[in-house]
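> What follows is a structure written as structure tokens; I'll ask about it next.
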Amino acid sequence: MTFIVESLLVFSIASSSPKSNSSFILACMSEHITKDGTAFFIRKPHENDAEKIIQYSKLLFASTDQVLATPEEYTISVEDEKAWISKTLNNSSASTLVATMNEEIIGLLFFVPMTKIKNRHTGEFGVSVHPNHQGRGEGRALIKSLLNWANENDRIEKVFLNVFATNTTAIKLYKDLGFIEEGKLMKAIKQPSCEYTDIVQMYIETIRA
């Protein structure tokens, strides 16, 4: 999982009706199978997911020190979460995905496009998986879904991420998917234990690029 996963993203875009959102979400849903043969789905979120996303995020932040935010710093309200979902759904250069199993959220991914003229061909993503579901393929499927979308997006040429250097499992996954290390931010993280951690920067170019 990357360290920006707890960010609250706000985009200035128009909202659409709940009915049209629901139809769009259903059309974008895809079924996947975990390593142990269990089915799960990847789809775009809707506003009704807001409370579940918050609960999922709180559990995640409490379960690992490989993300930037601590549980006490995560104070997003349901209304804020709904606003974030509504705005990101309609930004053609952004992408947000949830992985679900039995109607429960087990994974989350979001892609944030850069906005300046000189860097808007790039964007950063963050991905996470529920602690009880890690290592079963959900994270890999979320990232592949993002890359499939990015390859079809007329604007995006480079997808990049930042990950704790100590998160070796995630780094291995990213490399398996074709991401290349392009740099490090030395001692960028200071854990509550006073231990420093570097941030590894990785990227992949879209097929079109």
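Coordinate-derived values only; no laboratory data. For clarity, every value in this text was computed on a predicted model and none was experimentally measured. Cβ atoms come from the backbone with ideal geometry, glycine included; neighbour counts cover every protein chain shown.
> Do the sum for the chain: with -39,500 (n - 2.57) for every DSSP H run of n ≥ 4, divided by all residues, what is the mean residue ellipticity at 222 nm, to the nearest 500 deg cm²/dmol?
Values: 5 runs with 60 residues, N = 209.
After summing the helix terms and dividing by residue count, I get -9000 deg cm²/dmol.
> Can you list the residues, at least 5 places off or on another chain, whose amide H is less than 5 Å from the amide H of K184, using H built in the peptide plane?
Q201
> Put +1 on the Cβ of each Lys and Arg and -1 on the Cβ of each Asp and Glu in the chain; which of M202, L108, I156 then has its Cα farthest toward the positive end of the dipole?
Final value for the positive-end residue is I156.
> Would you mind giving the three semi-axes, in whole Å and largest first, of the ellipsoid equivalent to the range 18-205 according to its Cα gyration tensor? Please list the in-between numbers first.
Working: eigenvalues 120, 85, 64 Å².
So the three semi-axes of the range 18-205 are 25, 21, 18 Å.
> Would you kindly derive the ³J(HN,Hα) couplings of the range 33-42 from the backbone phi angles with the Karplus curve 6.51 cos²θ - 1.76 cosθ + 1.60 (θ = phi - 60°), listing them in order in whole Hz, with x for Gly and Pro?
These are the phi-based 3J(HN,Hα) values: 10, 6, 4, 9, x, 8, 7, 9, 10, 10 Hz.
> I need to check one value: relative contact order of the chain, counting alpha carbon pairs closer than 8 Å and at least 6 residues apart, in percent.
Working: 378 pairs, mean separation 43.1, N = 209.
After rounding, I find 21 percent.
> Among K144/K184; K52/K87; K35/K175; K35/K144, which pairs are too far apart, with a Cα-Cα distance over 21 Å? Intermediate results must be reported in sequence, preceding the final value.
Details: K144/K184 24 Å; K52/K87 18 Å; K35/K175 19 Å; K35/K144 16 Å.
Result: K144/K184 exceed 21 Å.
> Sorting check: for 94-101, 62-69, which peptide has the highest mean count of neighbouring beta carbons within 10 Å, and how do the rest follow?
Details: 94-101: 21.8, 62-69: 16.4.
By packing density, highest mean first, the sequence is 94-101, 62-69.
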